[in-house]
Every structure is written in C-alpha cells, then in structure tokens.
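For reference, the structure is listed below as structure tokens.
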Amino acid sequence: MFKEPIFVMNSMWKLIFIFLSIIILIISTACTPYPRYRTGGAELPSKAEPRKINWKTSDYIKMGLIFEQYLGKPYKGSSPYEEGLDCSRFTMEVYKKYNRTILPRMVKDQIKEGREVHRNLLRYGDLVFFKTDNYRISHVGIYVGHNQFIHASSSRGIIISSINEKYWAERYAAARRIIE
C-alpha cells in the first residue's frame, strides 16, 4: 500500500496555510520601518506645469466644493480696503486649494501657464481668458463644462456665466490646461 508523504497536506490545511501566509505578509508589509509619508515641508511646484490627473468623480466633486465656497463672494477691486477677490486671485486660490498648484497672481502671467487648448476641446478645470480691457487679455475664469465658466465679476462677485453670452463670446481670447 502506498503512503502519502507528510509534506502533502489535505485541501483544508492548504487553504489555512495560504490564508495565514497572506495575513503574515500584510502585517509584515504594514510594519515596515520606512516612513509612509514624507517628512519635512510639503513640496510645491515652482511653476504650474500641466499635472497628470485621471479625473475621477471625486476630483470633480472636490473642485466643485471649492467653487461652492466662493460662489457669491464679492469682487475686490484695486482698493486694499475692499473685501473679496478679483479674477486672477480667485483662480490662483482655487488651484492652490485643489491640488497645491501655484499660479501667478496676474492674468498676464497666468496665460503663460499650462498648455494651450482649443475652445472646442475645453475640459472641466481649464482656465479661460478674455480680452475685457482695451483688447488685451485681462480676465480669467475656470471652465466648468457645458460652455459655462466660474469667475469673479466686477459687478456681481463670484458667479457662473456662459461663454456663449454675447459679451463673453466676443471677448474670448484663449484657454490653458493646468491639469491634464
């Protein structure tokens, strides 16, 4: 009669062995001496180069919640005593809150960031620029889809407007993608 060797286990013992091996592997991996997060300060990019992000629902929600915090806030002009935001400060703050992207303070500098995007290819989060001041680019907003953008209106504060409105359609200048 043929005897089975000791090292051959029945199927139940094999399953128990595999399960315990996985548990030991998980525990030993979780307890590694390497830090799981960085030490020191957060590293912020010096210039807003397009950042690769595969947009997920949570990304849209996160940026949307940031927009919601600003909707209705007043516009701030050049006076240091006024509360509120102008258009470029608004876009700068949104991107900083969203993913720590540092945008320049002025519209003329923001238009140099990221990469150019054709109007027909706009995506959620793209910066849109307009010529509102003597045919020079002087206004910026953030595209939110369906030909709408959120921006700081000098008369109504932070609002959502349509790019197709006659005023904006005639003044549309360019778009830049900050987040790929």
Quick one: accessible surface of Leu121, probe radius 1.4 Å, all protein chains present, in square angstrom to the nearest 10. 120
Just how much of Lys14 is accessible, in Å², when a 1.4 Å probe is used and the result is rounded to the nearest 10? 110
Would you kindly find the accessible area of Arg136, with a 1.4 Å probe and non-protein molecules such as ligands, DNA and RNA excluded, rounding to the nearest 10 Å²? 130
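The values are calculated or read from the model by the stated rules, or taken from the named source; none is laboratory data. It should be emphasised that the depicted structure is a prediction, and the values quoted were computed from it without experimental measurement. Keep in mind that these areas ignore ligands, DNA and RNA; they rest on the heavy atoms of the full protein, side chains included. Shrake-Rupley method; radii C 1.70, N 1.55, O 1.52, S 1.80 Å.
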